[in-house]
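The values are calculated or read from the model by the stated rules, or taken from the named source; none is laboratory data. Computed from a predicted structure; not experimentally measured. With ideal geometry, Cβ positions are generated from the backbone for all residues, glycine too; neighbour counts draw on all protein chains shown. Side chains are part of the model used for accessible areas, which takes the heavy atoms of the whole protein and leaves out ligands, DNA and RNA. Shrake-Rupley method; radii C 1.70, N 1.55, O 1.52, S 1.80 Å.
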Amino acid sequence: MEKNFKRTLVTCALPYANGPVHIGHLAGVYVPADIYVRYLRLRGEDVLYVCGSDEHGVPITIKARQQGCSPQDIVDEYHNIIKDSFEALGIHFDIYGRTSSKVHEENASQFFRKLYDEGKFITRESEQFFDPEANTFLADRYIVGTCPKCGHEGAYGDQCEHCGSTLSPEELINPHSKLSGAIPVKKKTTHWYLPLQDYEQWLREWVLEGHKEWRSNVYGQVKSWLDGGLQPRAVTRDLDWGVPVPVEGADGKVLYVWFDAPIGYISNTMELLPDGWEKWWKSPDTRLIHFIGKDNIVFHCIVFPAMLKAYGDGFILPDNVPANEFLNLEGEKISTSRGWAVWAHEYVQDFPGKEDVLRYVLTANAPETKDNDFSWKEFQTRNNSELVSIFGNFVNRAVVLTNKYFEGRVPAAGELQDADREVLDAIPALRESLEKNIDAFRFREALKDAMQIARIGNKYISDSEPWKIAKTDLARTGTILNVCLQLCADLAIAFEPFTPFACGRLRRMLRMETFSWDQLGKTDILPEGHQLGEAELLFEKIDEAAIQKQLDRLDAIRAAREAEARAELAKQVAPQKEECTFEDFEKMDIRTATVLEAERVPKTDKLLKLTIDTGIDKRVIVSGIAEYYAPEDMVGKQICILANLKPRVIKGIESKGMILMAKQGDGSMRFVTPQEAVVNGAQVG
């Protein structure tokens, strides 16, 4: 039985403050959450919208060491970049807090202490890697070495970002500390753990029995974890950045970031509403919704609920966790370390005034049930073909024609014909579908419903041709434009959650001083005689140059990455061949020679015909080096050859000998040549 709630608390996964947010973050979490909050507020519901920066953890300390500054400097910089990016894209939280705040440190400490005092934790001693020079325990990310899978020299102790393999520090070849370069050693340490297995049966009943309506990707991942059996999970770690563990004997230990961060939702609410936060976190009349990405499902559906259950004291649990899958970029996985991303703060600089376009495209292509892809060409097409040509075009025609024929005042509806009633009657059904889709977190489908209003309007005004009818029947023209203007008002409401900037401009054009969701589908939103404002373009076309600039940037990143990969590959060497004797080697007559003439072998891509002076004769050698060297580069070059190789005919040419080449790991070839000029025919050995 569905429960009626008095209010809704919406949280968004706390973005990690070691870098800016990118389109993957926006599509996965923040744009859908903002759509949902705006929708609820349009309906007049009581909503609290909470987020903030996650400012603790190993990557932040690594970045601080790399830049020679403090972790606080790093989080201060990126907290502001992230916060400003959200504001620029119309994502307005009631509070955007941070886990480095004093309020959070006190709250997280108290949360841990209560569980500690009540015996809810267990302790375990384990061996972890330790840097003997830096005198600190090392997280897996602090250990680097050569990847055993691909040979990349910069692999981390948990993953090789070059080939994507998941690793452990024990697997690395020549592992060393990222801090000091020292070889890490194993050392014993003790930590506190939350025994998740104690909550397994309760979690099964709460999620698997009580929330079958959750998205299949969320439900399935939770079921998989539970079926695999839960294990104790550490809640502390050895680190010098984070919330200190508030018990004796815990020097040098902080709360593990996964334990620390979700408490940040509560801390941020406390900071905003110090005297009223409990009604949002402890009242059964509050509905809690977590918007997250799929990599956070286990923390929000298993770990954090287990923490709240262990704590007790009436904390509510999430009613839904609409997690999205991942968004790729131009067919490749987004990678912050490789720069393969579209950063939010750079987008608003490159495309000023087009914040809604990004919101629209990310929603239309949202990875709601599977990973999806963002491409700049599709971005351009959706803007030009949908926002400009359908939505914007319809509104512009309706307002411009009203200004032309009725001095900008809403004309009388007059006598409606079947075509008019058909259009107006379609909107309530679309509103119902729109509501069902948003309520079920199907934002892609909801956006289609909203755009369908514009499609209906465009077809209606094109079919009705009021500019022609105005020549003979101005009253009928007025009826058509009245219907069109009511649809424009519908669009100003229906699109508000998706494109708030454009809807603000549209409402100014229509002079809609007040608006609400309840008006959507009404046939008299704009009364007869209502004065409109001046027409302005809702959207503008994006030209090829703007898109090519973005593609060129990605091409440069791809080219640099490929060059780096080739350089890495070139470093790799083939394994040593099987052993041979000195007598075997003595059979080879290796001599120096000079190229006298060189030409391509006809009808081949790789072969060059070389006439050479060996010191003992002049002969021809056919060699497959044309992809590395042009004929003109070869003339006069001194080389080494195997002179006594049995001759063979290649493409009708007798080849007497073989050039000695060095083959690199990437397949490229280089000559083996004397460092100083020597006489032709000098023996090598």
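So that you can scan it fast, the table gives a plain yes or no per residue for (1) under 18 Å from ASP34 (Cβ atoms); (2) aliphatic (A, V, I, L, M); (3) surrounded by fewer than 20 Cβ atoms within 10 Å (Cβ to Cβ):
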residue	(1), (2), (3)
ASP418	no, no, yes
GLU422	no, no, yes
ALA426	no, yes, yes
ALA429	no, yes, yes
LEU434	yes, yes, no
ARG444	yes, no, yes
ILE453	no, yes, no
SER462	no, no, yes
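I want to confirm something. Restricting to region 615-628 and keeping residues that are of a type in the set (Val, Ile, Thr) and within 26 Å of SER668 (Cβ to Cβ), which single residue is most open to solvent (accessible area, probe 1.4 Å)?
Result: VAL620.
Show the residue pairs meeting these rules: Cβ distance below 7 Å; 6+ apart or different chains; first residue within region 64-86 and charged (D, E, K, R); second residue modelled with pLDDT under 95.
As it stands, the answer is ARG65/LEU179; ASP73/ALA64, since those pairs meet every condition given.
Given the options LEU40, LEU48, name the one that is over 19 Å from ALA366 (Cα atoms), at pLDDT 95 or above and assigned to a strand (DSSP E or B).
Only one candidate passes the filter, namely LEU48.
Just to be sure before I move on: is LEU608 surrounded by 13 or more Cβ atoms within 10 Å (Cβ to Cβ) and either within 49 Å of the chain's Cα centre (by Cα) or of a type in the set (Gly, Ala, Ser) (or both) in the structure I sent?
Criteria met by LEU608.
From TRP202, TRP206, grab the single residue that is out of contact with any Phe, Trp or Tyr (no Cβ under 6 Å at 6 or more places or on another chain), surrounded by fewer than 14 Cβ atoms within 10 Å (Cβ to Cβ), closer than 17 Å to PHE304 by Cα and not charged (D, E, K, R).
The conditions single out TRP202.
This table checks each residue for (1) part of a helix (DSSP H, G or I); (2) open to solvent by 20 Å² or more (accessible area, probe 1.4 Å).
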{"site": "ASN107", "(1), (2)": "yes, no"}
{"site": "TYR116", "(1), (2)": "yes, yes"}
{"site": "ARG124", "(1), (2)": "no, yes"}
{"site": "GLU127", "(1), (2)": "no, yes"}
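Return a yes/no flag: does region 314-321 have any residue that is at pLDDT 95 or above, among the aromatic types (Phe, Trp, Tyr), in contact with a Pro (Cβ under 8 Å, 6 or more places away or on another chain) and not in a helix (DSSP H, G or I).
No.
Can you tell me which residues in region 322-360 are open to solvent by less than 30 Å² (accessible area, probe 1.4 Å), basic (Lys, Arg) and not in a helix (DSSP H, G or I)?
Residues satisfying the conditions do not exist here.
Taking only pairs six or more apart or across chains, which ones have beta-carbon atoms under 7 Å, a first residue in region 377-400 that is within 25 Å of ASP350 (Cβ to Cβ), and a second residue that is modelled with pLDDT under 95 and open to solvent by 30 Å² or more (accessible area, probe 1.4 Å)?
GLY392/LEU537
Please state which of the following conditions LEU308 fails to meet, knowing it meets all the rest: (1) in contact with a Ser or Thr (Cβ under 6 Å, 6 or more places away or on another chain); (2) among the aliphatic types (A, V, I, L, M); (3) free of Cβ contacts under 8 Å to residues at least 12 places away in the same chain.
All conditions are met except number (1).
List the residue pairs whose Cβ atoms are under 8 Å apart, where the first residue sits in region 426-455 and is farther than 17 Å from GLU368 by Cβ, the second is part of a helix (DSSP H, G or I) and open to solvent by 40 Å² or more (accessible area, probe 1.4 Å), and the two are 6 or more positions apart or on different chains.
From residues that are farther than 17 Å from GLU368 by Cβ, the pairs are LEU430/GLN452.
Could you tell me whether any residue of region 377-386 is surrounded by fewer than 19 Cβ atoms within 10 Å (Cβ to Cβ) and either among the basic types (Lys, Arg) or part of a strand (DSSP E or B) (or both)?
yes
Taking region 540-566 as the region of interest, how many residues are open to solvent by 50 Å² or more (accessible area, probe 1.4 Å), in contact (Cβ under 8 Å) with a residue 40 or more places away in the chain and either among the hydrophobic types (A, V, I, L, M, F, W, C) or not in a helix (DSSP H, G or I) (or both)?
Residues meeting the conditions: 2.
Picking from THR673, THR604, THR614, which residue would you name as being among the hydroxyl-bearing types (Ser, Thr, Tyr), farther than 24 Å from LYS587 by Cα and in contact (Cβ under 8 Å) with a residue 12 or more places away in the chain?
THR604
Looking only at region 607-632, which residues are more than 18 Å from LYS656 (Cα to Cα), out of contact with any strand residue (DSSP E or B) (no Cβ under 8 Å at 6 or more places or on another chain) and of a type outside the set (A, V, I, L, M)?
Of everything in region 607-632, just one residue is more than 18 Å from LYS656 (Cα to Cα), out of contact with any strand residue (DSSP E or B) (no Cβ under 8 Å at 6 or more places or on another chain) and of a type outside the set (A, V, I, L, M), namely GLU627.
May I ask you to list the residues in region 648-662 that are assigned to a loop (DSSP other than H, G, I, E, B) and surrounded by 13 or more Cβ atoms within 10 Å (Cβ to Cβ)?
Those that are assigned to a loop (DSSP other than H, G, I, E, B) and surrounded by 13 or more Cβ atoms within 10 Å (Cβ to Cβ): LYS656, GLY657, LEU660.
Could you grab the pairs with beta carbons closer than 6 Å, sequence gap of 6+ or different chains, first residue in region 404-419 and touching a residue at least 60 places away in the same chain (Cβ under 8 Å), second one in a loop (DSSP other than H, G, I, E, B) and surrounded by 15 or more Cβ atoms within 10 Å (Cβ to Cβ)?
TYR405/ALA470; GLY408/LEU532; VAL410/LEU526; VAL410/HIS530
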